[in-house]
1. Okay, helix-only estimate at 222 nm for the chain: each DSSP H run of n ≥ 4 adds -39500 (n - 2.57), divide by all residues, round to 500 deg cm²/dmol; what do you get?
2. Rounded, prolate or oblate: which fits the stretch 108-231 when a ≥ b ≥ c are the square roots of the eigenvalues of the alpha-carbon gyration tensor, with rounded for a/c under 1.5 and prolate only if a/b beats b/c?
3. State whether the stretch 12-66 is rounded, prolate or oblate according to the following rule on the C-alpha gyration tensor (a ≥ b ≥ c being the square roots of its eigenvalues): a/c under 1.5 gives rounded; otherwise a/b larger than b/c gives prolate, and the remaining case gives oblate.
4. Contact order normalised by length for the chain, with contacts defined as Cα pairs under 8 Å and 6 or more residues apart; what percent is it?
5. Quick one: net charge around Ile85, please, counting Lys, Arg +1 and Asp, Glu -1 for every other residue with C-beta under 15 Å from its C-beta.
6. Is there a quick way to get the dipole size of the stretch 104-156? I mean about its Cα centre, with the Cβ of Lys and Arg at +1 and of Asp and Glu at -1; what is the value in debye to the nearest 20?
7. Taking N as the number of residues in the chain, what is its alpha-carbon radius of gyration divided by 2.2 N^0.38 Å?
8. Can you give me the % of accessible surface on the chain that is carbon or sulfur? Probe 1.4 Å, all protein chains present, nothing else counted.
Amino acid sequence: MTPVNHAVEIRDLHKRFGKLEVLKGIDFAVDPGQVVCVIGPSGSGKSTLLRCVNLLEQPTSGRVVVHGVELTDRDVDIDAARRGIGMVFQQFNLFPHMTVLQNVMISQRRVLKRGKAEAERIARENLDKVGIGEKCDAYPVQLSGGQQQRVAIARALAMSPALMLFDEPTSALDPELVGDVLTVMRKLAEEGMTMLVVTHEMAFARDVADRVVFMDGGVIVEDGPAEQVIGAPRHERTKTFLSRVL
Ligand code: ADP
Ligand code: MG
């Protein structure tokens, strides 16, 4: 039994797709209540890393432990373990034929087997929390990208996760809609949610993250406090990356 001191613990994680080794030995941990932002160039393995944390991708080798449960253990109940992990993608992936409220209720009903009234109450609470309460009966196509992404966040939160993974949640949004989504994420962070966030929003990372991890070429080049990694990077590769995005 692994002691439950880290929310996420990753040890010597490798992932290959055929001959391509995408993750080349990743080690890091996230403590409960921490916000860790992952930054790095396109193709460096950020999404693959996040997808290995909830086993959307099967790691080639290494250990992934979430809240004391080793997901890379063959005997683990992966569906049960995944229930505690919420994920928000760049594309919102809402069901187009369902209303906002139905989108936020469906997994609660099917996966958690919550009753209709309870699922609806929790859906409304979370939609209010992300500022979309008045759009319950709208369909996704009637919402802006920023509103759709906030519904996707509410949908993840409605599953009562202990960990939230975000993969470039604002990258598909028009610039004027980015702020609303980041505000919701900031609020979540302030409430103590444990978050692992892949983002290009350096101001967000600098203000909100407890730690920033810089990845390049499938390895972690630098991992430290946000003000150090973004404000005073030690490695040449980090400096070069930041000079391009800042
Ligand atoms: P990032 O999110 O940092 O842009 P990714 O994790 O998406 O990087 O991808 C890292 C590398 O892995 C890229 O070269 C990408 O083409 C490759 N890759 C990602 N997913 C797959 C897959 N399912 N099959 C083959 N190659 C993949
Ligand atoms: Mg990616």
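1. On the way: 9 runs with 89 residues, N = 246.
Helix-only estimate at 222 nm: -10500 deg cm²/dmol.
2. prolate
3. oblate
4. Over the chain, the number comes to 25 percent.
5. Spelling it out: positives minus negatives among the neighbours equals -2.
6. On the way: 11 positive and 6 negative charges, 59 e Å.
Roughly 280 debye for the stretch 104-156.
7. Ratio of Cα Rg to 2.2 N^0.38 Å: 1.01.
8. On the way: 5370 of 11330 Å².
Accessible surface attributable to carbon and sulfur in the chain totals 47 percent.
The values are calculated or read from the model by the stated rules, or taken from the named source; none is laboratory data. As the structure is a prediction and not an experimental result, all values here were calculated from the model. Every residue, glycine among them, receives a Cβ derived from its backbone with ideal geometry; neighbour counts consider all protein chains shown. Remember, those area values only see protein heavy atoms, side chains included, never the ligands or the DNA or RNA. Shrake-Rupley method; radii C 1.70, N 1.55, O 1.52, S 1.80 Å.
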